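Asks: Provided herewith is a single structure, encoded as C-alpha cells, for subsequent inquiry.
The values are calculated or read from the model by the stated rules, or taken from the named source; none is laboratory data. Remember, it's a predicted structure, so these values are computed and weren't measured experimentally. Every residue, glycine as well, gets a Cβ built from its backbone with ideal geometry; the counts of neighbours run over all protein chains shown. With ligands, DNA and RNA removed, areas are computed over all heavy atoms of the protein, side chains included. Shrake-Rupley method; radii C 1.70, N 1.55, O 1.52, S 1.80 Å.
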Amino acid sequence: QVQLVESGGGLVQPGGSLRLSCTASGSIFVIYVMGWYRQAPGKQRELVAAVTSAGNTNYADSVKGRFTASRVNAKNTVYLQMNSLKPNDTAVYYCNAELRSPSDYSRKDYWGQGTQVTVSS
C-alpha cells in the first residue's frame, strides 16, 4: 500500500507565496514521476507541474515563471514553490506519483488527498 501526504496549503493574498510538500510512503520500489495537479470548482483536474527522477520538469503554461517544482528522491518528496499567486490559482492541489511497488510489474498512479489553496484579498 502506498500513501501520499500533502501539506502547505492555505489562504494567501494575491502576489503572495506558498510552498506545498508531498511525501510518498509505503510499498515503493521506484518512483518515476512526482507532480502536482489542481482542480478548481467546476473545472477539470489539470497538470500544474511534474518532476522526473532525473530532475526534469514540466509546467503548465499558466504557471511558468511563477511556480517551481523540485524533488528529493531520497525522501520520496516533491515540493511546489508558488510565487506571485493569482486569484485564478485558487484550487484544490493534488499530489501525484507514478511508481512501481515491489510486487508489481507495471507503473501505477497514486494520489494524495488534496490541499486547498485560496488566493484572495
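A quick yes/no check of all residues on (1) among the small types (Gly, Ala, Ser); (2) within 11 Å of the chain's Cα centre (by Cα):
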{"residue": "Val33", "(1), (2)": "no, yes"}
{"residue": "Trp36", "(1), (2)": "no, yes"}
{"residue": "Arg45", "(1), (2)": "no, no"}
{"residue": "Ala49", "(1), (2)": "yes, yes"}
{"residue": "Thr52", "(1), (2)": "no, no"}
{"residue": "Ala69", "(1), (2)": "yes, yes"}
{"residue": "Lys86", "(1), (2)": "no, no"}
{"residue": "Ser103", "(1), (2)": "yes, no"}
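Asks: What strands (runs of 3 or more DSSP E) completely inside the stretch 1-91 contain at least 2 residues that are closer than 28 Å to Ser103 by Cα?
Replies: 2-7, 18-26, 30-39, 46-52, 67-72, 77-82
Asks: Mind checking which residues of the stretch 32-49 are in contact with a Ser or Thr (Cβ under 9 Å, 6 or more places away or on another chain) and surrounded by fewer than 21 Cβ atoms within 10 Å (Cβ to Cβ)?
Replies: Tyr32, Val33, Ala40, Pro41, Glu46
Asks: Looking at Asp109, Asp104, Asp89 in this structure, which one is touching an Asp or Glu at 6+ places or on another chain (Cβ under 6 Å) and among the acidic types (Asp, Glu)?
Replies: Only one candidate passes the filter, namely Asp109.
Asks: If I go through the stretch 59-115 residue by residue, how many of them are open to solvent by 80 Å² or more (accessible area, probe 1.4 Å) and among the aromatic types (Phe, Trp, Tyr)?
Replies: Looking only at that region, the number is 2.
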